[in-house]
Ligand code: AMP
């Protein structure tokens, strides 16, 4: 199938061609016709499937006839909600690219950045707004955003938005839009909470499922290292020095773990950056840009900070900590091996994470190949280390019985 078969108009086809896309991805093939038809859709698709273009292209086409409103008279006609700033920025960048041969304008607004420049652009009038929920509500409250003219409302990464506690904000924003709008819900997974949300805000949605959840892209080769927990840093350094070629996104479960690993790698002379929830917006953006531009070959991230970010040509993903949820594993390693490139996914598993590997393997129906040839093998019989709470050495009191007895009392 070609993009022409999707009944896309010339200016859109031109932008698609300029982006270098030869044929539509599966989610594009299936979602674009419904969205052009102004139907509601619920799409289960992960980042990397081409889902952004799947909603951006038909939205632009549907707005095309209204693009020439005098600039000041422009009303926001499409709203895309995104859980994270990074993802929001990326989505708007896509809109900008695909709108190159039109007069449609877009803006991204997110918290943690100065509000004035966002207000200035809003005052000038835009067609498409990409936003994180908090900043959107803030700007709406201050009367800089009018949602009365929304024709299409998109919820991207809906499952992550619910995980991040945005449910009430989403419902509030949805109610601020006109009732007869088109609603598009994109989510990597469709748990019950998403079904419930879909039932309240979508009207007879078409369902599209392009990621048989828990399936792993076949262009990713996986490898697993069993290693004692205390040797993970050493093995990580060993693999960075000897095995891993190209750039690598390293996942750790906690912000503390991310910082600790970053310090160690810096001390060992690696150009490293990190992103996690405690970093401010500009630091996160700088880290991401440096990694994308190849100045930094190693990026360390937590799952929430990294989810949804599109990094082209990612060579390797490294699970420093084994995720305890199979979907997270699939998500993480799905960031490599995109668009015809083959990627590698390295995972380190310590004794206490063995059960996670079992769950993951059952879920993805694949036995992850184990590499035993490395300097820090884990004794197969090793039991998880349980840290006993150590009592204070002063627990029984600082003074010995003898000294207590010797004490002369004044009374
Ligand atoms: P997404 O899933 O929206 O994050 O897109 C993942 C990547 O695929 C982005 O870098 C897009 O630019 C790219 N992409 C989207 N559609 C196509 C296509 N039809 N052909 C090739 N690459 C695409």
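The values are calculated or read from the model by the stated rules, or taken from the named source; none is laboratory data. Here the structure is a predicted model, which means the values were calculated and not measured. Positions of Cβ are backbone-derived with ideal geometry, glycine not excepted, and every protein chain shown enters the neighbour counts.
List of remarks:
- If you go through region 319-352 and keep only what is touching a helix residue (DSSP H, G or I) at 6+ places or on another chain (Cβ under 9 Å) and surrounded by fewer than 20 Cβ atoms within 10 Å (Cβ to Cβ), you end up with 320, 324, 325, 326, 327, 328, 351, 352.
- Every residue from region 97-117 that is closer than 21 Å to residue 133 by Cα and either in contact with a strand residue (DSSP E or B) (Cβ under 9 Å, 6 or more places away or on another chain) or part of a loop (DSSP other than H, G, I, E, B) (or both): 105, 106, 107, 108, 109, 110, 111, 112, 113, 114, 115
- Residue 107 in contact with a helix residue (DSSP H, G or I) (Cβ under 7 Å, 6 or more places away or on another chain) and under 29 Å from residue 193 (Cα atoms): no
- Yes/no for residue 181 being more than 23 Å from residue 112 (Cβ to Cβ) and in the same structural domain as residue 67 (by TED's automatic domain parsing): yes
Yes/no per residue for (1) at pLDDT 90 or above; (2) more than 26 Å from residue 326 (Cβ to Cβ); (3) outside the structural domain of residue 112 (by TED's automatic domain parsing); (4) in contact with a helix residue (DSSP H, G or I) (Cβ under 6 Å, 6 or more places away or on another chain):
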| position | (1), (2), (3), (4) |
| --- | --- |
| 228 | yes, no, yes, no |
| 234 | yes, yes, yes, no |
| 248 | yes, no, yes, no |
| 265 | yes, yes, yes, no |
| 270 | yes, yes, yes, no |
| 275 | no, no, yes, yes |
| 280 | no, yes, yes, no |
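- Positions within region 28-43 being within 13 Å of the ligand (Cβ to nearest atom) and over 20 Å from residue 99 (Cα atoms), in sequence order: 30, 43
- Any hit, region 48-68, residues being farther than 28 Å from residue 169 by Cα and without any contact (Cβ under 8 Å) to a residue 24 or more places away in the chain: yes
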